[in-house]
Amino acid sequence: MPLGTGSTAQPFAHLQAQHATLYRQVLDVFVRAKQRFTVHLRPEDVVAEIGAGPSLESIRAALDQLAEWGNLRADPDTGRVTTVEDFHRARYLYQLSPEGHAVEQAVAAYEAALGRRGALQSVALSDIAEQLRALLVVAESAAAGELPDAAKTHLLMMSLVDRFTGLADNAQAFMASLRRAIDFADADVAAFLAYKEQLITYLERFIADLANRGAEIALLARQIEAAGVAPLLLVAARREAADAAPTEAPEGTETRPDATGTGAEADPAAGTRVPPTAGVTDDVGADAGGPHSQDAAVGEALDGWRERWTGLRDWFVSTDGSRPSQARLLRTAAIGAIRQLLGTVAAINERRSGRSDRTADFRRLALWFAQAPDDEAAHRLWHTAFGLSPARHLTVTAETLAAVERQPVAAATPWAQAPRLEISPRLRRTGSYERRGSPNRVLDRSEQRRLLAERMRHEAEQTARARAALATSGPVALSELARLDSAEFRLFLQLLGDALAASRPDRSETRTTTSDGTMAIRLCRVTGGAPVRIVTEDGVLAGPEHLIEIVDLVGAAR
């Protein structure tokens, strides 16, 4: 039996062996040889492929060890035998064993997954929306009684799932690589600062595309479910199950034709009987395994398509009040990544500008302590740095201070051995050193209160005039608004911000009320409207055309 084909193969053992680097070089040679359709390699071929470095003896030892672990298959090399001595000398031809090939595929997949950066595929969002629009047409035709084309429906579903899977996997890989880039920004500050602008622009563009396309995809998914997605999933499952291999029927069961004699099949989805040609326009071969195996294959395929559709719908469609969609979570994570990027850049710029943090300050202080010439200098440095002075509330008499100056007391003197400290009798008797007497005169602040009330009244009147000026008798275009002064413009920006914050991508009209309940606003997009310019005392505000209606709720109540 050739070497490397035993039942005790350990093809992963070389990854943690002593000469793991050499083993990986040898196996890489065999992987490249397999890609060139080279079947066998001799030790000399491996040495020539690796180049300068390991010797022929070390390569032979590595080949024998890999063959023992099961990564390689060693066959006797009889092609160069010319004498009896050559025949008895051990010579082998080596090739990757099935186990070794599987290990190389696993290692390659592992390294590719670790090094994968991923991408935020805005183009994939457009493709998914386009495929959902085509699928909606098929669903509406099926709802009208027209049999859907099985091949077209199946291809649409597979293309949709493949595009969505790529979008989700790439987004997950990109966000993981982005977190690693932010965490290790200090490792290569120059490279991080060089591409941070492009990265922020890239994230902002994807966030905008995800907000717009995500709302469209969610709307299309709801429309397809309203038209009926179950028949489309059943068509795709039947066409996929047509290629399923036949299986043996369970013992004790008997394959019998349908009682109706029509050959109808049971619908695994709803328990109803569906004609075998329902939703299928192409010819599929008869199931050699009987109706039991065919029903089981259709049921398994249908469960898989239901899972895929549920995953796609939950990725874009949020459940009201309970669970946000994955697209919304991804958008939130991308916005948070932008904040982290900006915070990291600010921290890097702060360090590069020469500002010191607390850690650097303590390190510098420790250096100064180490460089102090004597203990007295160290004590002065300690007192200056930390300001640990005696209790400031304890005031002593002038005589006591003079005595301390004449006869200083060392800081290491125990309390019991130190001289007495004389304090003021008033502090001992009353607990306070301050002399008692009449309280301080209360200041008259009536003038300040009057000025404050006057300012508040003026601001309230200004706001009331702005509300009255902005209130409309009905919907008007933004381009028809009159010139706004500073107060009116500030109030208008507040109203516009509240309306835009309450808007949703799938709705063209927004209604909201200000937080103080004084005004209501209705904002409606104008499709195809030209950009407008609103002239104010503070400048010109430009934006897309909208219809706006502003109601002064305070004035209406009066």
Flagged in the range 362-395 as among the small types (Gly, Ala, Ser), in a loop (DSSP other than H, G, I, E, B) and modelled with pLDDT under 90, in numbering order, are Gly387, Ser389, Ala391
Go through the range 463-476 and count every residue that is surrounded by 14 or more Cβ atoms within 10 Å (Cβ to Cβ) and either closer than 18 Å to Gly539 by Cα or small (Gly, Ala, Ser) (or both).
5
Quick check on Gly517: is it within 23 Å of Arg483 (Cβ to Cβ) and either modelled with pLDDT under 80 or among the hydroxyl-bearing types (Ser, Thr, Tyr) (or both)?
no
Which condition number does Arg339 fail, the rest of (1) surrounded by 12 or more Cβ atoms within 10 Å (Cβ to Cβ); (2) in a helix (DSSP H, G or I); (3) at pLDDT 80 or above being met?
(1)
For Ala215, indicate whether it is under 25 Å from the mean Cα position of the chain (by Cα) and modelled with pLDDT of 75 or more.
yes
Residue pairs meeting the criteria (Cβ under 7 Å; at least 6 apart or on separate chains; first touching a residue at least 40 places away in the same chain (Cβ under 8 Å) and farther than 13 Å from Val103 by Cβ, in the range 20-32; second open to solvent by 20 Å² or more (accessible area, probe 1.4 Å) and outside any helix (DSSP H, G or I)):
Leu22/Pro54
Considering the range 477-487, residues that are within 25 Å of Pro531 (Cβ to Cβ) and open to solvent by less than 60 Å² (accessible area, probe 1.4 Å), and then whichever is nearest to the chain's Cα centre (by Cα), we arrive at Leu478
Can you list the strands (runs of 3 or more DSSP E) found entirely within the range 479-558 that contain at least 2 residues being closer than 30 Å to Val317 by Cα and among the hydrophobic types (A, V, I, L, M, F, W, C)?
519-525, 546-552
Find all pairs meeting these conditions: Cβ atoms under 7 angstrom apart; at least six residues apart or on different chains; first residue within the range 113-126 and open to solvent by less than 40 Å² (accessible area, probe 1.4 Å) and modelled with pLDDT under 65; second residue of a type in the set (A, V, I, L, M) and in a helix (DSSP H, G or I).
Gly118/Ala171; Gly118/Ala173
Identify all residues within the range 400-414 that are open to solvent by 90 Å² or more (accessible area, probe 1.4 Å), modelled with pLDDT of 80 or more and assigned to a helix (DSSP H, G or I); write none if there are none.
Glu405, Arg406
Yes or no: Arg533 among the basic types (Lys, Arg) and farther than 23 Å from Ala468 by Cβ?
yes
Please determine, by comparing only the residues of the range 149-174 that are modelled with pLDDT under 85 and surrounded by 19 or more Cβ atoms within 10 Å (Cβ to Cβ), which one is farthest from Ala327 (Cα to Cα).
Phe174
Which residue pairs have Cβ atoms under 8 Å apart, sit 6 or more places apart or on different chains, and have a first residue in the range 367-382 that is within 14 Å of Ala411 (Cβ to Cβ) and a second that is open to solvent by 100 Å² or more (accessible area, probe 1.4 Å)?
His379/Ala411; Trp382/Leu388
Filter pass, Arg89 being over 45 Å from the mean Cα position of the chain (by Cα) and either open to solvent by 60 Å² or more (accessible area, probe 1.4 Å) or at pLDDT below 80 (or both)
yes
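The values are calculated or read from the model by the stated rules, or taken from the named source; none is laboratory data. For clarity, every value in this text was computed on a predicted model and none was experimentally measured. Cβ atoms come from the backbone with ideal geometry, glycine included; neighbour counts cover every protein chain shown. Surface areas here come from the heavy atoms of the whole protein model, side chains and all, with no ligands, DNA or RNA. Shrake-Rupley method; radii C 1.70, N 1.55, O 1.52, S 1.80 Å.
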